[in-house]
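The values are calculated or read from the model by the stated rules, or taken from the named source; none is laboratory data. Source: prediction; values computed, not measured. We place every Cβ from the backbone using ideal geometry, glycine too, and count neighbours over all the protein chains shown. Areas reflect the complete protein model, heavy atoms only, side chains present, ligands, DNA and RNA absent. Shrake-Rupley method; radii C 1.70, N 1.55, O 1.52, S 1.80 Å.
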Amino acid sequence: MASAWLRSLLKLLWAAYFLLTSLYCLLAYLPYTYFSVVKEPPYGWVLWFVQHQAVLAWLAWGAVAVAYRPWKSPTAYRVAMLGSAGWALLVTAHPFLESLQNDASALAWSFVSLAAVLGGAAADAFLLPRQPEPLPDDGLFPYGPALATAAAIALASAAGTFFRIYFESHAFRFSVADGELLAWSATTHFCVAALALSLLNLTRWAASKAHSPRRARTGLLLLLAWTFLCFAVVRFLGHTLSFSGPAARLYAALLGLSLTLAGYSVGRPLFQKGRPTCATKAVLAAVALALLAATIVLPTAIGGSDWNNVIQATLTLLCWLGVGTAAYSIWHRRVTYSVAGVMAVAVFSLITYQALKSSALVWAKPLGATDDEIARAWDDYAEQDISFQMAHHLLGNAREVPCGDLCRILREYTNVRDTRAPGEQNLVSRLTPAPGERPNIFIFVVDSLRQDYVGAYNPGVDFTPQLDAFARDSFVFPHVYSQYAGTSLSEPAIWAGAELLHAHYLQPFARLNGLEKLAHLDGYQMMVSVDPILAQLLSPSGNLIRLDADKTLWNHFEACSTIRQAEQALDARGKVAPPVLFYAQPENVHQFAHNDLPSAAEDRWRPRPGLNDRMAHAMSQVDGCLGSFFAFLKARGLYDNSIIVITADHGDATGEFGRRSHSTILYPEVLRVPLIVHVPRSMRPQLVASATPLAAPVDVTPTLYAVLGHHPIQSNPLFGRPLLGRNQEELQPYYRHEMFVASDVRAAYGLLDRDGRYLYAVYDSPPRSELYDLARDPNAQHNLSTEAAARAYDARIIEHLQALGDLYGYRPGLGLLLASARP
């Protein structure tokens, strides 16, 4: 028995190596993930995997040598050994992961890696000597273990959800509405379990009529698994990464087939001898308990670092498979059902589920007063309880609409490949050195910082005293929204001082880089915390002091370390030195942040009701380090001779409204950011803050141009606006009454309209439109969108995308242009 477990484990490790290689190559092919995962890996193990590609290939070859038994299957053994050895030799001579580019070659390597899995798994599945058929087994699976599995998983997943809420809020709540959500989750799980088991029993019955029941049953089950995995992968690629079309469908089909055959190859040694032994049952029971425990603990343990719930969704699938397998291994008794009885169970389950769903207004009043409100409550809960989300969507509650003309147009303007900056783009018509004073410039863009985590914006915040004191001596802009929901486009837009084509990135970026042009024009020495994005954007220059060169991963960048390096660099400069333009984008507040600062427990952090502990504690640390930097500048006489900007590239959703993360969603908590600007004492009397209804981080660079005396700023609706000027008459032509916003990952775009009162957003997959009245509904919880309103807003968004295309010389396909012209 031990040898069977060893063979299964070795096969699992072998398949995991090739599957990870394929997924990494796919992420390199997709523009956003190329920069957010390949160029900016969030985890150290990703770098380790890439750097040890050849060594791991030889270890995979060794795993094959032990896992396959040549005396029982010499042909399969030779195929697997030769294939793995050939691959290991190839990657030893050419370790391609380190040199992957964002082009078709990455996709090709992804397919080649899948082919390796398919070859080995297929050899194991089809080249083994045929075993004699056992006596026919016409028994079917009883429903009891399936329903017990559904109950266990529903309770474990709900416990994980409520445990996370308690951990984040430090207040246990369980209302009548929560009880109804839990009951509906259990009902949904029961229905899915009954339908799945009915399908398996019908498959088992059909196979029993075949000439070779065992092989027929295996083939049908593998076909079902493949179909399900294809559907799941296509949905994930389209909804999360906006990757669709023939290439996406082919990849989903091959990945689904690879997972199916690899899973069969891994699991067969454990069950090929018939009924599982007592030892096998004990091990499977322990695995099931471990999966249930992980389901409870994982949501809290990983916090906000689970991008798009990929880890939790994977665990949920493993939990369904593992707990279900354990349940039927322990309860091995088979029963006799008629085909009519099995179908009756399936039909009864669906009818009961639909009846309860249709009568929700009667029994689910605590969740809402209308069908829409109840459906929204279910959707909000599904965002937190991933097992319920998957079961809920399997029963047809996912918002699936075919990708129509609008969807295709949005995608055509998203993640544009092979782009070139068409020419020089300047924020002022004449680039000449500033005639007056050249103060030092310090810009801090705190990644993921929301307005409501700064005391200057939220009186209930008591953990940013240094920033609050700084704000009292500065200009504080109240209505500030990031135009991009993620860093990969927001940071370049800040440097450009303009909206950008949805591309990663227009090159040479120096033609567009307004902040870098300002530094060179006015003789500034640049002192920059060069993160992986800026490494792609900044021009090579001997006038650049690079900070944070010791950081290997982007999520290791943190304010306190950067400030220490900046202070040392400032002290090392001579007395006669050019002014400094400093820029840093610390990651302390980001959901993936990883640094050496004390934890909340070590700091004896006191939770703040209504705020996320992780973000609040991280922001208190940033505040302390900023305060020490302000004191450093004052001690050296630099504070009153400096422009200091504090802002953020975007916010973050932390679950308080049923939404999490950023980048892929457009909601107020993701878009609202702080913007505080301190100017030298000598300039303060001559400057007023713009009364514009809407401001953005992209306005920082044009504002610096204006403060330094570069006039006039180009009046282009796609450029940022100056927020400081000599009077309101000078600033009024630049007022912004609407603002275009976008995801940096997927085809999701929106408009802040009527001075920011309304927020409209449209998503490509699943296609949906949302409209919120932020004056009455500041947290965007009640969708007011109608067909007429969506049509009008969509037309304005397409017009804006076309204007961006014109600015940067991009033309989509002719068919899409014709489609966009339709009424």
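Things to note:
- Selected residue (only one of Ala364, Ala391, Ala421 is under 30 Å from Lys281 (Cβ atoms) and surrounded by 12 or more Cβ atoms within 10 Å (Cβ to Cβ)): Ala391
- Count of the range 328-374 residues, restricted to those that are touching a Gly at 6+ places or on another chain (Cβ under 8 Å) and part of a helix (DSSP H, G or I), is 1.
- Residue count for the range 741-762 satisfying the condition of being under 21 Å from the mean Cα position of the chain (by Cα), closer than 17 Å to Leu694 by Cα and either β-branched (Val, Ile, Thr) or open to solvent by 10 Å² or more (accessible area, probe 1.4 Å) (or both): 1.
- Residue within the range 102-111 that is at pLDDT 90 or above, more than 33 Å from the chain's Cα centre (by Cα), assigned to a helix (DSSP H, G or I) and not hydrophobic (A, V, I, L, M, F, W, C) present: no
- Residue-level check: of (1) at pLDDT 80 or above; (2) outside any helix (DSSP H, G or I), Trp71 misses just (1).
- When the residues of the range 345-361 are filtered to those that are of a type outside the set (A, V, I, L, M) and surrounded by fewer than 14 Cβ atoms within 10 Å (Cβ to Cβ), the one that is farthest from Gly179 (Cα to Cα) is Phe348.
- A Cβ distance below 8 Å, combined with a sequence gap of six or more or placement on separate chains, defines the contacts here; from the range 632-646, residues that are among the basic types (Lys, Arg) reach no residue that is open to solvent by less than 10 Å² (accessible area, probe 1.4 Å) and in a helix (DSSP H, G or I).
- Cβ-Cβ contacts under 6 Å between residues 6 or more apart (or on different chains), taken from a first residue in the range 407-427 that is charged (D, E, K, R) to a second residue that is open to solvent by less than 10 Å² (accessible area, probe 1.4 Å) and not in a loop (DSSP other than H, G, I, E, B), are listed as Arg411/Asp764.
- In the range 763-782, the count of residues that are under 17 Å from Ser482 (Cα atoms), of a type in the set (A, V, I, L, M, F, W, C) and under 23 Å from the mean Cα position of the chain (by Cα) is one or more.
- Candidates Ala653, Ala695: the one that is under 35 Å from the mean Cα position of the chain (by Cα), open to solvent by less than 10 Å² (accessible area, probe 1.4 Å), among the hydrophobic types (A, V, I, L, M, F, W, C) and at pLDDT below 95 is Ala653.
- In the set (1) touching a helix residue (DSSP H, G or I) at 6+ places or on another chain (Cβ under 8 Å); (2) open to solvent by less than 50 Å² (accessible area, probe 1.4 Å); (3) not aliphatic (A, V, I, L, M), the condition left unmet by Phe475 is number (1).
The rows are residues; the columns are (1) open to solvent by less than 50 Å² (accessible area, probe 1.4 Å); (2) at pLDDT 90 or above; (3) part of a helix (DSSP H, G or I).
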site	(1), (2), (3)
Arg215	no, no, yes
Thr218	yes, no, yes
Leu224	no, no, yes
Phe231	no, no, yes
Phe236	no, no, yes
Phe243	yes, no, no
Arg249	no, yes, yes
Ala253	yes, yes, yes
Gly256	yes, yes, yes
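- In the range 784-805, the residues that are within 18 Å of Ser743 (Cβ to Cβ) and either open to solvent by 60 Å² or more (accessible area, probe 1.4 Å) or in contact with a helix residue (DSSP H, G or I) (Cβ under 6 Å, 6 or more places away or on another chain) (or both): Asp794, Arg796, Ile798
- Residue in the range 563-586 that is more than 20 Å from Gly624 (Cα to Cα), within 35 Å of the chain's Cα centre (by Cα), assigned to a loop (DSSP other than H, G, I, E, B) and hydrophobic (A, V, I, L, M, F, W, C) present: no
- Ala60 vs. criteria open to solvent by less than 20 Å² (accessible area, probe 1.4 Å), in a helix (DSSP H, G or I), over 30 Å from Leu537 (Cβ atoms) and not hydroxyl-bearing (Ser, Thr, Tyr): yes
- Any hit, the range 480-500, residues being among the aliphatic types (A, V, I, L, M), surrounded by fewer than 22 Cβ atoms within 10 Å (Cβ to Cβ) and under 25 Å from Ala706 (Cα atoms): no
- Condition check for Gly658 on (1) open to solvent by less than 10 Å² (accessible area, probe 1.4 Å); (2) touching a strand residue (DSSP E or B) at 6+ places or on another chain (Cβ under 9 Å): one failure, at (2).
- Residue list for the range 598-629, restricted to those being assigned to a loop (DSSP other than H, G, I, E, B) and touching a residue at least 40 places away in the same chain (Cβ under 8 Å): Pro607, Arg608, Pro609, Gly610, Leu611, Asn612
- Contacts under 8 angstrom Cβ, first residue in the range 485-504 being free of Cβ contacts under 8 Å to residues at least 60 places away in the same chain, partner of a type in the set (Ser, Thr, Tyr), 6 or more apart: Pro492/Tyr505
- The range 442-456, subset closer than 15 Å to Asp652 by Cβ and in a loop (DSSP other than H, G, I, E, B), residue nearest to the chain's Cα centre (by Cα): Ser448
- Hits in the range 504-525 - residues which are among the aliphatic types (A, V, I, L, M), crowded, with 21+ Cβ neighbours inside 10 Å and either under 29 Å from the mean Cα position of the chain (by Cα) or not in a helix (DSSP H, G or I) (or both): Leu506, Leu512, Leu515
- The set of residues in the range 712-726 being touching a helix residue (DSSP H, G or I) at 6+ places or on another chain (Cβ under 7 Å) and not aliphatic (A, V, I, L, M) consists of Ser715, Phe719, Gly720, Arg721, Pro722, Gly725, Arg726.
- For first residues located in the range 12-31 and closer than 27 Å to Thr414 by Cβ, partners that are of a type outside the set (A, V, I, L, M) and assigned to a helix (DSSP H, G or I) and lie 6+ apart or on another chain with Cβ distances below 6 Å form the pairs Thr21/Ser113; Ser22/Ser110; Ser22/Ser113; Cys25/Trp109; Cys25/Ser110; Leu26/Ser110; Leu27/Thr33; Ala28/Tyr34.
- In the range 526-560, residue farthest from Thr487 (Cα to Cα) [restricted to those that are part of a loop (DSSP other than H, G, I, E, B) and of a type in the set (Gly, Ala, Ser)]: Gly542
- Any hit, the range 187-200, residues being open to solvent by less than 60 Å² (accessible area, probe 1.4 Å) and modelled with pLDDT under 90: no
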